[in-house]
Amino acid sequence: MAYGQGGHIGISFQDSFGTLNVSSMDYVPFISESVTEKIESLVSEGITARIDEPDEYPGMASVEGDIVMEVHPLLVGKLLKAYFGQSSQDGYVGSCYRHIFVGLEDDWDAGRCAVPPMTLEIYRDTGSAYRYYDVVANQLTLEIAQGAFYKCTLGLMGAGFAWGNKLTPSYLPGSYYTWDTCSVSLAQAAVDGVGNFTITMNNALEGKAYLDTTRSYNRILRNGSRTVEIAGTMLLEGDTQARKYRDREAQRMVITATDPSTVMGAHNQLAGDFPAMRYTEFPANIGGVGLIEVGFSAKATYDTTSSYAAQFTLVNTMAAY
C-alpha cells in the first residue's frame, strides 16, 4: 500500500539533452504532482475480414504534468532557472547572494532544447523510483493570497522515462514565504489594497519527434511567443487604475517578498519586476454592499528600456544555481 507522505521528488539539471542525470538532485517539498508518461496507441487500419479491432502497438511516448509546492527561499531559484533558462549571480546583500533571472533570447541548446533539461526522480512509495528525463519547464505559476503561503506550480513536458532504484532524499533548510511578507507597487507607488495575485509565465514549448529509431521527442523548442499573464483582486480606490485600463497604458508592477528574519546579515527576498504591465480586464462593478473589489487581468510585455518582460531577483544563501 503506497502513501503520499512516503514519496519524494528530486530535480537535477542535465548537462545535455538526452542524458539522464541523478548525481546532483535537489529534493523539493511538494503538495501534489501529476507527472506521467503518456503512451499513445497505434492501431492498424488494415482490413482483415474481422469485425474486431486489430492489435494495438505502442505509439508516441511523452512526459507531461505539474508539480505544486510552496515557495521555498532557496529551491525557488531552481524553478526560476528551469523556466527562464539561466541564472546570474549579481553581487551580494550582506553576506547573501543576489541572483537575477531573466528570459534568454537564444535557446539553451540551439536546435535541440529551448531551456535547460532536467531529470526528475519521483518515488511513489513503491519498489522503484520513476525517473523522467529530458524534462523542461513549459510553465511557471506563482500564487500569492491573503492568509496563505506563497505557492507555485511547475508545468512540465518531456521525452524520456526509466525505472531506477530510489535515492535517499535530503532537504535544504529555510522558512516558506507567507502572505504577510508581500509588498506591491504600481508605477513606483506602493499599493496596499491587493488581495491576491496569480502570475502565469508560459514558454510556449513544443516537442518534436523524427525518424531517429525512438518513440519520443528528440527536440523541445518554441512554437510561439513567451508570455506573462497576471490576475488578481484589488480594492477600487479612485479611478486611476480604471483609466489606465481604458488607455491601455503600461505601468511597472513590482511584487516583493521579504522574510523578516535575518540570515547572514540580510533577508531572504524574492522580487518580480514587470516593467510593462497592461490591464486586459478591469471590471469595476458593484457586486453588492460593502467594499468594491475588482478582479483584474493583465499582461506583462517586453519593455525596450528594461530589455525584458519579467525579471526575478532572489536574495538568499545559495551561492549559485
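The values are calculated or read from the model by the stated rules, or taken from the named source; none is laboratory data. In this text, all values refer to a predicted model and were calculated from it rather than measured experimentally. Cβ coordinates were reconstructed from backbone atoms using ideal geometry, including for glycine residues, and neighbour counts include every protein chain displayed.
Descriptive notes on the structure:
- In summary, strands (runs of 3 or more DSSP E) completely within region 55-151 and bearing 2 or more residues that are closer than 30 Å to Met1 by Cα occur at 56-70, 118-123, 129-145.
- Residues that are free of Cβ contacts under 8 Å to residues at least 60 places away in the same chain and either exposed (fewer than 15 other Cβ atoms within 10 Å of the Cβ) or not in a strand (DSSP E or B) (or both), drawn from region 263-286: Thr280, Glu281, Phe282, Pro283, Ala284, Asn285, Ile286
- Residue among Gly155, Gly195 that is surrounded by fewer than 17 Cβ atoms within 10 Å (Cβ to Cβ), closer than 21 Å to Ala300 by Cβ and either among the small types (Gly, Ala, Ser) or at pLDDT 95 or above (or both): Gly195
- Neighbours by Cβ (under 6 Å, 6+ apart or cross-chain): first from region 1-24, under 14 Å from Thr168 (Cβ atoms); second charged (D, E, K, R) and not in a strand (DSSP E or B): Gly6/Asp125; Gly7/Arg124; Gly7/Asp125
- Residues in region 152-181 that are part of a strand (DSSP E or B) and under 17 Å from Gln269 (Cα atoms): Cys152, Thr178.
- Selection of region 132-151 for residues being of a type outside the set (Gly, Ala, Ser), in contact with a Phe, Trp or Tyr (Cβ under 7 Å, 6 or more places away or on another chain) and over 18 Å from Ala271 (Cβ atoms) yields Tyr132, Asp134, Gln146.
- Candidates are the residues of region 298-321 that are surrounded by 15 or more Cβ atoms within 10 Å (Cβ to Cβ), within 21 Å of Ile199 (Cβ to Cβ) and polar (S, T, N, Q); the one that is nearest to the chain's Cα centre (by Cα) is Gln311.
- Residues of region 287-319 satisfying the condition of being over 14 Å from Leu235 (Cα atoms), in a strand (DSSP E or B) and of a type in the set (Phe, Trp, Tyr): Tyr308, Phe312
- Of all residues in region 217-253 being in a loop (DSSP other than H, G, I, E, B) and among the hydroxyl-bearing types (Ser, Thr, Tyr), the one that is nearest to Ala310 (Cα to Cα): Ser225
- Boolean, Gly160 is modelled with pLDDT under 95, buried (at least 16 other Cβ atoms within 10 Å of the Cβ), under 24 Å from the mean Cα position of the chain (by Cα) and over 30 Å from Gln251 (Cα atoms): no
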